[in-house]
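Notes follow the structure.
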Amino acid sequence: MSAVCPCCGLAPPSSKAVGLTAVQRRVLQYLERSASYGVVPSYEEIAHAIGRKSKSAICTIIDRLEERGHVRRLRGVGHARSIIVLGNSTQRIAA
């Protein structure tokens, strides 16, 4: 089992998180952890988990993660909270 941060409960950055900002890494790790539980976090929940207030900032962060190939959002009706975490083992978080 890997070590986790005592304050936020997140694992240290993985090799796939290289080149991301600290905040982007935290969001990615939160999404990975949520995927492991099959939970679909809202932007508000993500913001709260990483200590931010702005949901639009979370949207921008997820945009950047998507541009860099770390996540993919399913667009369209019925996919408002669907995010696929890409990597060694693809995990889909879907409502």
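The values are calculated or read from the model by the stated rules, or taken from the named source; none is laboratory data. All values reported here derive from a predicted model rather than from experimental measurement. Reconstructed Cβ throughout: ideal geometry from the backbone, glycine too, with neighbour counts over all protein chains shown.
Every residue, every condition in (1) in contact with a strand residue (DSSP E or B) (Cβ under 9 Å, 6 or more places away or on another chain); (2) modelled with pLDDT of 90 or more, yes or no:
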{"position": "Ile58", "(1), (2)": "no, yes"}
{"position": "Ile62", "(1), (2)": "yes, yes"}
{"position": "Ile83", "(1), (2)": "yes, no"}
{"position": "Arg92", "(1), (2)": "yes, no"}
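Could you list, in sequence order, all residues of region 17-33 that are surrounded by 17 or more Cβ atoms within 10 Å (Cβ to Cβ) and modelled with pLDDT under 90?
Hit for region 17-33 is Ala17, nothing else.
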For Val39, only one of the following conditions fails: (1) of a type in the set (Val, Ile, Thr); (2) loosely packed, with under 15 Cβ neighbours inside 10 Å; (3) modelled with pLDDT under 80. What is its number? (3)
